[in-house]
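For reference, the structure discussed in these notes is given below.
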Amino acid sequence: MEYPEAVQRLLNHANLPSAGVPETEGLLQALAREPVPGPAVARQLADVVACYEALNRHLNGPVPSERSWASKAAAPLDRALAYAVSTLFCGCWQHLGPGPAAELVEPAAYAARRAVAHTVELGWNFVLASDYDSIAQEISYYYSWE
């Protein structure tokens, strides 16, 4: 996947208008459909991470850990990308609901949704850190939503 497609797919995952990619169910739509995140959420979350991998290579080079910080720090982020990721964060956190303490959300569902949101957030943080060669691998070191 190349950078332009990754940005468009993230827009789709965030329920924002996107161009050049088939309109499919995105992560936020899957979260709305599955009270307890299941296979559809897992597929969409894997696609978000794949988008992050493409962004990481585009923004930070083919082997980010080998590139100097100075050469990466100057790379600007485009507004569509920033908006897509910000909206995706907001949507993930909104799907958490009021929290298990309110007893309106099953504790297992809350924990699973929180794990999805945390995975989305961690992956983006690793892209911004700019020195990780595999976003998926880094996420698995710190957190697994399954």
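Below, the figures for the structure above:
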item	result
Number of the condition not met by GLY20 [criteria: (1) on the phi > 0 side of the Ramachandran plot; (2) touching a residue at least 24 places away in the same chain (Cβ under 8 Å)]	(2)
Helices (runs of 4 or more DSSP H) wholly inside the stretch 45-146 containing at least 1 residues that are modelled with pLDDT of 80 or more	79-94, 107-129, 135-142
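The values are calculated or read from the model by the stated rules, or taken from the named source; none is laboratory data. Please read all numbers here as calculations on a predicted model, not as lab measurements. No Cβ is skipped: glycine too gets one built from the backbone with ideal geometry, and neighbour counts run over all protein chains shown.
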